[in-house]
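Undergrad: This is the structure I have questions about; it appears just below.
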Amino acid sequence: MPRFHDTIAALATPTGTSAIALLRTSGPGAVKLAQEIFGENPPPRLSRHSDYHDHGGGLVDDVLFTFFAGPNSYTGEDSLEISCHGNPFIAQKILEDLIARGCRLAEPGEFTKRAFLNGRMDLSQAEAVMDLISARSERALAAANRQLRGSLGKHMGALTDRLLNVVARVEAYIDFPEEDLPPEDQSLLDRELAGIAADTSRLLATSHYGQLLRDGIKTVIVGPPNVGKSSLLNRLVGRERALVSPEPGTTRDFIEERILVGSHCLRIIDTAGLNPRPAPLEKLGMNKTLECIAEADLLLVVLDGSDPTAVIPAALVSEDLTEKCIIIFNKNDLYDKRLAPPIASSDVSGKITTLDISAQTGAGLSELIDVIARSADRFKGDFDHEFIAINTRHSGALENALSQLKDASEKLAKGEAFELLASDLRGALAYFGEIVGKFDNEAMLDRLFATFCIGK
């Protein structure tokens, strides 16, 4: 059996263009490992400079190494981190030597999983590590940092404490069944349950915005064929991402890119044109366009600004779309600037923000970006700057908890047995516990941490 069979090792940073590579180990063999390689008992949290010789005595590199004594480390275990030159060959040689000395390769997310299992962070903080790594915008980064620092855990802790107080009151009546529930106590329980449910609902309301922060605001470019949708995509992305041709109907499928607009990440999607008389192949592309429209958070409706008869495509004439539409009259370089841009002849045009641009020259692009940024700001709703953006797993647990709280309130109102009421309340407590990881479900943990990158 290897000497350090429970000590894991990983190359924690990419090395292709890095000046420095970091190799991280964690486990009970970290101290012995440092003694073998560097010939000393390393003082905790102090970087040391040394040569790295492999187990055969060959010089590999000069490195910096730092020892972290558990529980005051990322994982809560003894850990050794080695910084070497970023040459991938050197980093790989050191990693192979660590394996030869008895370490094993870390699984995806295993460092963070160990941190969770050792009580260094709750499950919501562990998930925030991945959110932090994959954050694509200023607001996503800020939300991930708040969650990493325990904002969701503290919020759930407060909700759990309040619910525990309600459970204690209810179970007191189970223990003393001869006591009737006074009207004032029933009213108090009613208010407390209503307050907990309201706060749970407020937290649940951040789910959609949390998804937008993690995935980006789905922004779909739509309009008739040959109005400059692909040219607009290229302008927004800043490179020739889509082929542009004067021939109409050249986009048959959708093209997706991510860009930053202000503090938001947008998933910009260029779609096939909405042609009232499409060819068979073009119709397949239009079907995908309609699917994208239905799922869109924001619609950029592009019309030909040089055509005074330009109209909004029939597929978009809907009151449901007015709040997420921006009408863009493109090709303003082709009509007289002294004249007003054409007006889209539809019942909804007056209710939607409109502006004119030229995707060819870039005129009006900065104004369009400002309008998009303001539209994206609306998705944040009324949440304050300390809001918590929950993810899909949190959302499912909160929905289940809310359902249990609703059932408990109904049983309380009907005067049903306290044992049934207590069962619902304990169910809600269990769902609250799922969010921060106070439950025993090894399979779920394995699936969750498997989505992490190697070295975390």
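Undergrad: Search the structure for amide H atoms under 5 Å from the amide H of residue 217, placed 1.01 Å from N in the peptide plane, and list their residues when 5 or more places away or on another chain.
TA: 265, 266, 267
Undergrad: To continue, here is another question. Can you check what the net charge comes to around residue 162, using other residues whose Cβ is under 9 Å from the Cβ of residue 162 (Lys, Arg +1; Asp, Glu -1)?
TA: Residues close to residue 162 contribute a combined charge of -3.
Undergrad: Distance check, please: which entries in 113/218; 380/438; 380/414; 32/154; 218/331; 288/331 exceed 28 angstrom between their Cα atoms?
TA: 113/218; 380/438; 380/414; 32/154
Undergrad: Please compute the length gained on full extension between residue 31 and residue 48, using 0.36 nm multiplied by the number of residues separating them and subtracting their Cα-Cα distance.
TA: Result: 4.7 nm gained on full extension.
Undergrad: Rounded to the nearest 0.05, what FRET efficiency is calculated for residue 399 and residue 134 with R0 set to 25 Å and r the Cβ-Cβ distance?
TA: Working: r = 24 Å, r/R0 = 0.97.
With R0 = 25 Å, the Cβ-Cβ based efficiency is 0.55.
Undergrad: Would you mind listing how long segment 357-427 runs along its three principal axes, going by Cα atoms, in whole Å with the largest first?
TA: So the three principal-axis extents are 73, 22, 22 Å.
Undergrad: Can you tell me the length gained on complete extension of the stretch residue 430 to residue 373, counting 0.36 nm per residue apart and subtracting the Cα distance?
TA: Numbers: separation 57, 0.36 × 57 = 20.52 nm, distance 3.97 nm.
Full-extension gain reported as 16.5 nm.
Undergrad: To continue, here is another question. Taking the Cβ-Cβ separation of residue 260 and residue 85 as r and a Förster radius of 35 Å, what is the calculated FRET efficiency to the nearest 0.05?
TA: Approximately 0.60, to the nearest 0.05.
Undergrad: Can I ask one more? What is the sum of charges around residue 266, taking Lys and Arg as +1, Asp and Glu as -1, for the other residues whose C-beta is under 10 Å from the C-beta of residue 266?
TA: In short, +2.
Undergrad: While we're here: Residue by residue, what Karplus-based ³J(HN,Hα) values in Hz, rounded to whole numbers, does segment 145-153 have, using 6.51, -1.76 and 1.60 with θ = phi - 60° and x for Gly and Pro?
TA: Calculated HN-Hα couplings, in order: 5, 5, 5, 4, 8, x, 4, 5, x Hz.
Read the figures in this text as sums done on the coordinates, not as results from a lab. Just so it is clear, the model here is predicted, and its values are computed rather than measured. Glycine gets a Cβ as well: all are built from the backbone with ideal geometry, and neighbour counts include every protein chain shown.
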